[in-house]
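Data block below; observations after.
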Amino acid sequence: MFPTVREVLALDPVRHGGPRVVAGAAGLDRLVRWVHAAEVPDIAALLSGGELVLTTGIGLPGDDAGLRAFIGELADVGVSGLLVELGRRYPAAVPRAMVTAAERRNLPLVELCRVTPFVRITEAVHGLIVDAQLAELRATEEIHQRFTELSVEGAEPAEVVRQAAVLAGYPVILENLSRQVLAYDPAGESAELLLRGWEQHSRRIRSTGRTGYDPDAGWLYTTVGARGQDWGRLLLRWPTGELPSGASSGPSTRLTILIERAASTLALGRLIRRDAEGLERQIHRTLLTALLDHTRPVDEVALRSRALGVPLDRRHLVGVVVRYRADEAGAGAAAGGPAGQARLRDLAEAVSQALRDAELSGLASTLDDQAVGAVLALRDAGDEERALAAFAAALDRVRLDAGPTAVRPYGAPGAVIVAAGSGVGTVREARRSLIEARQVADAARRGRRDLPVYRLPQVGLAGLLHLLRDEPRLQTFVERELGPLLTHDAEHPREQLLGTLRGYLESGRNKSAAAAAAHLSRPAFYERLARISRILRVDLDSVDDCLSLHVALLALDAVRDG
């Protein structure tokens with residue numbers, strides 16, 4: 001927003017004075033916040049930093065010590081530079097003491113060899129600053145307008161990131177809480193170089209708040225999230241080399257506004273779900289979403305569901321999730337694409353029809369871009385297994401009637417998974433059953449068994465963690481348990497302590513066996529374990545601490561493999 005001393009010297013009113021830099025040339029890229037004309041030696045007390053001081057020198061001290069003190073006070077307060085007009089006090093050149101003092105403090109000292117009206121310099125510089133501020137305001141307005149349009153259009157994260165990079169002119173990256181890249185735009189630079197070793201590089205970026213700038217890493221960042229649930233971070237690469245000498249504020253306000261506005265658009269987009277379902281199906285989805293996200297009181301959900309003809313009170317409730325075992329290949333078939341949405345709507349209709357054919361009462365709708373959910377409302381808990389079997393059989397028949405390719409063998413793209421959560425007795429507990437069903441359905445995709453209905457006992461810990469890999473709370477748990485060690489390994493690539501910890505835990509905490517497997521002497525292995533204990537502040541002889549670390553390692557593998 002502000003011009004540099006070098007740019008000021010290039011202005012016509014200054015050039016008319018025949019400027020000559022006699023000291024502090026290395027500081028010519030300092031920013032000029034304002035211009036101040038003064039003829040008194042104690043002017044520094046009236047300044048706040050960033051000013052370009054103009055003087056004829058008529059009021060300056062007559063001794064070298066006084067001149068050195070004058071220059072020192074200006075440098076201490078942080079002025080951008082000092083312009084001295086020759087002729088009135090100094091006929092041919094400023095005193096040598098001033099030059100020496102200014103050079104020592106890296107303060108630009110400029111002689112104006114001809115008489116120059118200071119008012120013209122002030123008007124020119126202040127006009128430049130005001131024009132820059134107006135340009136900044138116009139750019140900020142463009143930012144707000146652009147991201148408002150993206151929000152209204154429901155733009156995908158990749159498009160939001162692309163627009164941010166276009167407006168900024170710098171690379172932009174969207175990552176999750178585990179430092180995995182969700183979307184990026186290199187802004188014309190090499191994507192391979194930008195993303196190489198990203199997790200380790202990202203961990204070196206020090207966060208001091210929701211929005212900030214790490215000058216050592218050269219990244220401007222802001223947290224992405226809504227409703228108190230953070231799920232990622234948006235980063236804009238703004239190298240320290242772009243910062244003019246003498247400036248300490250980091251990236252411009254415009255860039256900060258840009259990245260925060262982009263983050264808000266990303267958070268809003270995650271909350272918005274567009275679909276083309278009928279009114280009844282929309283109500284089903286609204287109620288299921290309310291159960292999952294607590295967006296409405298439970299009593300209101302039960303009341304609206306009863307009005308819809310699906311009583312939930314005094315019923316045995318079972319959450320069910322149906323999803324395809326594999327994604328279709330081909331353009332547009334991916335989740336979120338037109339073909340993928342149509343495919344999911346067909347599955348949602350099949351689920352609703354299967355509930356009717358099996359004479360079961362319940363809510364059913366799409367849950368996200370991959371799954372269809374349902375809450376079965378049974379009169380008797382003893383009917384749970386029979387009802388699930390009847391629903392699975394009815395779904396097979398409905399999909400078979402839809403066409404010869406609707407039902408396909410295990411492993412084929414058209415094969416579906418039916419997963420059920422534990423039965424519950426109240427509407428308040430229905431959320432737990434539905435979430436459990438979604439977890440089971442996601443984990444079942446990694447298995448090789450083909451069952452009519454999948455339940456939680458068929459899902460192991462590794463599978464459970466895999467299906468929770470995108471859950472911010474799990475990623476937060478991994479960061480809390482292993483973050484310091486991962487940061488240490490990123491900063492010391494030749495000494496990877498995570499592998500040492502993994503070997504120790506996988507050996508059942510048998511130090512001798514783990515040392516042998518790692519091809520290390522026992523003293524060397526023990527010393528590594530001691531360092532791990534200090535870094536993580538844990539007791540590796542504690543069963544509870546090791547259990548938490550082992551689960552965190554499994555979760556880290558699930559996140560990275562996801």
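Yes/no matrix, rows are residues, columns are (1) within 21 Å of Arg179 (Cα to Cα); (2) in a helix (DSSP H, G or I); (3) open to solvent by less than 60 Å² (accessible area, probe 1.4 Å):
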site	(1), (2), (3)
Gln475	yes, yes, yes
Pro493	yes, no, no
Leu498	yes, yes, yes
Ala514	no, yes, yes
Leu520	no, no, yes
Ile535	yes, yes, yes
Cys546	no, yes, yes
What is the one condition in (1) part of a helix (DSSP H, G or I); (2) in contact with a strand residue (DSSP E or B) (Cβ under 6 Å, 6 or more places away or on another chain); (3) modelled with pLDDT of 90 or more; (4) more than 30 Å from Ile143 (Cβ to Cβ) that Leu288 does not satisfy?
(3)
What do you reckon, is Val418 at pLDDT 90 or above, out of contact with any His (no Cβ under 9 Å at 6 or more places or on another chain), within 14 Å of Arg323 (Cα to Cα) and open to solvent by less than 40 Å² (accessible area, probe 1.4 Å)?
yes
Take Arg445 and tell me if it is open to solvent by 70 Å² or more (accessible area, probe 1.4 Å) and within 21 Å of the chain's Cα centre (by Cα).
no
Report whether or not Ala183 is surrounded by fewer than 20 Cβ atoms within 10 Å (Cβ to Cβ), of a type in the set (A, V, I, L, M) and in a loop (DSSP other than H, G, I, E, B).
no
Given the structure, is Ile143 within 15 Å of the chain's Cα centre (by Cα) and either β-branched (Val, Ile, Thr) or crowded, with 20+ Cβ neighbours inside 10 Å (or both)?
no
Answer yes or no as to whether Asp64 is over 21 Å from Trp34 (Cα atoms), modelled with pLDDT of 90 or more, touching a helix residue (DSSP H, G or I) at 6+ places or on another chain (Cβ under 8 Å) and open to solvent by 10 Å² or more (accessible area, probe 1.4 Å).
yes
Assess whether Leu529 counts as being open to solvent by less than 20 Å² (accessible area, probe 1.4 Å), farther than 30 Å from Val320 by Cβ, of a type in the set (A, V, I, L, M) and over 21 Å from the mean Cα position of the chain (by Cα).
yes
Can you name the number of the only condition in (1) surrounded by fewer than 22 Cβ atoms within 10 Å (Cβ to Cβ); (2) under 16 Å from Arg20 (Cβ atoms); (3) among the small types (Gly, Ala, Ser); (4) within 43 Å of the chain's Cα centre (by Cα) that Ala75 fails?
(2)
Going through the range 177-197 in order, the residues found to be touching a Gly at 6+ places or on another chain (Cβ under 7 Å) and either among the acidic types (Asp, Glu) or at pLDDT below 85 (or both) are Leu182
Quick one: which residue in Val119, Val166, Val115 is in contact with an Asp or Glu (Cβ under 7 Å, 6 or more places away or on another chain) and surrounded by fewer than 16 Cβ atoms within 10 Å (Cβ to Cβ)?
Val115
What number of residues in the range 311-352 are part of a loop (DSSP other than H, G, I, E, B) and either modelled with pLDDT of 85 or more or out of contact with any strand residue (DSSP E or B) (no Cβ under 7 Å at 6 or more places or on another chain) (or both)?
17
Output the residues belonging to the range 1-57 that are open to solvent by 70 Å² or more (accessible area, probe 1.4 Å), outside any loop (DSSP other than H, G, I, E, B) and either within 11 Å of Pro108 (Cβ to Cβ) or among the basic types (Lys, Arg) (or both).
Arg6, Arg15, Arg20, Ala26
Subset of the range 79-111 that is in a strand (DSSP E or B) and in contact with a Ser or Thr (Cβ under 9 Å, 6 or more places away or on another chain) - its residue that is surrounded by the fewest Cβ atoms within 10 Å (Cβ to Cβ)
Val84
In the range 116-134, which residues are in contact (Cβ under 8 Å) with a residue 60 or more places away in the chain, aliphatic (A, V, I, L, M) and more than 30 Å from Gly87 (Cβ to Cβ)?
Ala132
So which residues in the range 186-218 are part of a loop (DSSP other than H, G, I, E, B), open to solvent by 50 Å² or more (accessible area, probe 1.4 Å) and without any contact (Cβ under 8 Å) to a residue 60 or more places away in the chain?
Gly188, Glu189, Ser190, Arg196, Arg206, Ser207, Thr208, Arg210, Pro215, Asp216
Condition first: open to solvent by less than 40 Å² (accessible area, probe 1.4 Å), in contact with a Ser or Thr (Cβ under 7 Å, 6 or more places away or on another chain) and at pLDDT below 90. Can you find one or more residues in the range 392-414 that meet it?
yes
With criteria (1) over 16 Å from the mean Cα position of the chain (by Cα); (2) β-branched (Val, Ile, Thr); (3) buried (at least 18 other Cβ atoms within 10 Å of the Cβ), Val160 comes up short on (1)
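The values are calculated or read from the model by the stated rules, or taken from the named source; none is laboratory data. Computed from a predicted model, the values in this text were never measured in an experiment. Virtual Cβ from ideal backbone geometry, glycine too; neighbours counted across all protein chains shown. Heavy atoms of the whole protein, side chains included, go into the accessibility calculation; ligands, DNA and RNA do not. Shrake-Rupley method; radii C 1.70, N 1.55, O 1.52, S 1.80 Å.
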